[in-house]
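Here is the structure we will look at, set down as structure tokens.
Derivation of every value follows stated rules applied to the coordinates shown; laboratory data play no part. Nothing here was measured: the structure is a model prediction, and the numbers come from that model. Note that each Cβ is placed from the backbone with ideal geometry, even for glycine, and that neighbours are counted across all protein chains shown.
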Amino acid sequence: MEDKTDIEQIEIDLLLDAVERRHGYDFREYSRASLTRRLRRLRVDMKKEHISDLIPLVLYGQGVMESLVDGISVTVSEMFRDPYVFKMVREKIVPYLKTYPKVNIWVAGCATGEEVYSLAILFKEEEIYDRVQIYATDINEKSLKKAKAGIYSEDQTKTNTNNYYKSMGRESFNDYYFTKFHKVMMARDLMKNVVFLTHNLAVDRVFNEMQMIFCRNVLIYFSIPLQERVLKLFDDSLCKNGFLALGTKEHIRFSKTEKSFRTVGKKEKIFQKIMPRAGA
Ligand SMILES: C[S@@+](CC[C@H](N)C(=O)[O-])C[C@H]1O[C@@H](n2cnc3c(N)ncnc32)[C@H](O)[C@@H]1O
């Protein structure tokens with residue numbers, strides 16, 4: 001239970017109100033423990049004595065929101081993260097997606113794009129990429145710029161390569177990038193059917209008629225009411241029989257949208273929408 005007299009929490013409440021009223025970003029429903037840790041770190045990075053010293057920057061500063069959003073968000077990612085999830089997508093979901101002439105995929109909370117390139121590779125190998133359109137969204141502009149560039153540190157390559165083979169990748173992973181000055185640059189043709197867009201799950205609207213939504217390791221940072229909002233957004237955005245992939249620590253269990261879905265992969269956290277939208 002949050003202590004209402006805790007000064008740091010009062011400062012955080014005031015800061016989050018200022019952020020929402022001045023810039024429209026709503027972090028008030030993020031889980032407090034993680035948010036507090038991130039704001040403490042941001043205060044130190046910005047060389048401020050108190051978290052409330054960030055409020056004048058939010059009210060009067062120029063271009064401060066990009067750093068603030070970046071400071072608040074956790075953007076850790078890797079390619080083919082949890083390889084067994086991508087294996088299931090390849091083996092169980094793609095055959096179903098192949099029945100559609102056009103396939104819309106939404107990767108919500110795409111961070112620096114690793115998941116997006118993983119899917120592009122998978123769809124290419126399964127010969128469905130030409131009819132896929134991927135909408136890759138995030139709240140964090142800095143991450144989106146990195147995602148669009150598709151340039152990563154060479155240090156991540158070993159993990160990414162191992163994940164790719166564990167996910168039943170069919171080709172040679174190094175065919176999908178080239179290396180220059182210790183940086184890995186993803187092949188341009190993987191970006192062909194991808195659009196990167198700013199979208200805030202806490203306040204923005206649906207994407208219509210998606211065949212699949214990936215939103216992995218994002219809900220974990222949200223309070224239960226915000227998770228409810230986002231799950232409803234996904235329910236409204238998916239076509240009937242569309243799929244939802246969540247992070248391995250996330251679930252639709254006990255949510256209001258639970259009854260709209262059936263579980264396809266319990267461990268993989270992949271669900272299929274079985275009920276049409278109300279009014280659809
Ligand atoms: C840990 S990363 C997940 C990356 C990737 N999906 C994965 O599982 O590897 C969480 C991402 O969620 C994004 N995020 C946080 N709040 C968001 C919001 N309200 N709307 C959209 N994205 C958000 C963060 O900016 C961050 O990039």
Check: Checking R81 against (1) over 25 Å from H199 (Cβ atoms); (2) within 16 Å of the ligand (Cβ to nearest atom), which test does it fail?
Finding: (1)
Next item on the list: Mind listing whichever residues of the range 134-155 are part of a strand (DSSP E or B) and aliphatic (A, V, I, L, M)?
Entry: I134, A136, I151
Check: Yes or no: S167 over 30 Å from L16 (Cα atoms), within 16 Å of the ligand (Cβ to nearest atom) and of a type in the set (S, T, N, Q)?
Finding: yes
Next item on the list: Go through the range 84-133 and give me each residue that's away from the ligand (no atom under 16 Å from the Cβ) and part of a loop (DSSP other than H, G, I, E, B).
Entry: K98, T99, Y100, P101, K102, E126, E127, I128
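Quick grid of which residues meet (1) closer than 29 Å to T99 by Cα; (2) out of contact with any helix residue (DSSP H, G or I) (no Cβ under 7 Å at 6 or more places or on another chain); (3) crowded, with 22+ Cβ neighbours inside 10 Å:
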| position | (1), (2), (3) |
| --- | --- |
| I213 | yes, no, yes |
| I220 | no, yes, no |
| I224 | no, yes, no |
| Q227 | no, no, yes |
| D235 | yes, no, yes |
| L238 | yes, yes, yes |
| S260 | yes, no, yes |
Check: Does K145 meet the test of being out of contact with any Phe, Trp or Tyr (no Cβ under 7 Å at 6 or more places or on another chain) and under 25 Å from F222 (Cα atoms)?
Finding: yes
Check: If you check F261, F254, which single one turns out to be more than 18 Å from the chain's Cα centre (by Cα) and on the phi > 0 side of the Ramachandran plot?
Finding: F254
Checklist line | T161 over 30 Å from P225 (Cβ atoms), assigned to a strand (DSSP E or B) and not hydrophobic (A, V, I, L, M, F, W, C) | finding: no
Next item on the list: Sort out which residues of the range 45-78 are part of a helix (DSSP H, G or I) and away from the ligand (no atom under 16 Å from the Cβ), and write them in order of number.
Entry: D45, I51, S52, D53, L54, I55, P56, L57, V58, L59, Y60, V64
Margin query: Filter the range 98-123 down to the residues that are crowded, with 20+ Cβ neighbours inside 10 Å and more than 17 Å from F234 (Cβ to Cβ) and list them by number.
Written below: A111, T112, G113, E114, V116, Y117, S118, A120, I121, L122, F123
